[in-house]
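A.B. asks: Submitted below is the structure of interest, expressed as structure tokens.
Since every read-out is calculated from the coordinates, none of them should be taken as a lab result. Computed from a predicted structure; not experimentally measured. Neighbour counts run over all protein chains shown; Cβ positions are idealised from the backbone, glycine included.
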Amino acid sequence: MKKTIYFVTASTIIALLSCIFVEIIFQTVPAFYKLLPEDNEKTYLYIIGESSAYGYPYNIPYSKIIQYITGNKINNKDIETVMLAYPETHCLTSIKNMSGISFCIRLKRG
């Protein structure tokens, strides 16, 4: 009986902490996004992926395809692509690079 009570109590605490954590993330991310400086001249595309997104083995990266299809403009703004995809890496590596690159370059919304 005690094990059941402990299990239910622990499960409830974990569920509540998870809800609090998710709520903090949903409140923090939009606030962080609003703090980013807005660039009215460019639209930034962050290419995240693996070797195919990088263009390997055909040397045609997604960024070039997107720029060709859209005429290098989205909503009358020029497109600037930031390539975070690299061959022979995992997609999570690209996401880590994006979090690391945010300290090196200024992320902008546009």
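A.B. asks: Among SER52, SER11, which comes first, second and so on when ranked by fewest other beta-carbon atoms within 10 Å?
C.D. replies: On the way: SER52 14, SER11 10.
By the 10 Å Cβ count, ascending: SER11, SER52.
A.B. asks: What spacing in nm lies between the two simple spin-label points modelled at ILE74 and ILE24, each 7 Å away from Cα in the Cβ direction?
C.D. replies: 3.1
A.B. asks: I'd like the FRET efficiency for TYR44 and GLU88, computed as 1/(1 + (r/R0)^6) with the beta carbon distance as r and R0 of 35 Å, rounded to 0.05. Don't skip to the answer; put the middle values down first.
C.D. replies: Details: r = 25 Å, r/R0 = 0.73.
Here the calculated transfer efficiency is 0.85.
A.B. asks: Moving on to the next point. Got a sec to turn the phi values of region 63-79 into Karplus ³J(HN,Hα) couplings, 6.51 cos²θ - 1.76 cosθ + 1.60 with θ = phi - 60°, whole Hz, x for Gly and Pro?
C.D. replies: Taking θ as phi minus 60°, the curve returns 4, 5, 5, 5, 5, 5, 5, 8, x, 6, 9, 10, 6, 6, 10, 5, 9 Hz for region 63-79.
A.B. asks: Rank these for me by crowding, LEU17, LEU84, going from fewest to most other beta carbons within 10 Å.
C.D. replies: Listed from fewest to most nearby Cβ atoms, that is LEU17, LEU84.
A.B. asks: Once the piece of chain linking ILE65 and ILE5 is laid out straight, how much longer is it, given 0.36 nm per residue of separation minus the C-alpha distance between them?
C.D. replies: Values: separation 60, 0.36 × 60 = 21.60 nm, distance 5.75 nm.
Between ILE65 and ILE5, full extension yields an extra 15.8 nm.
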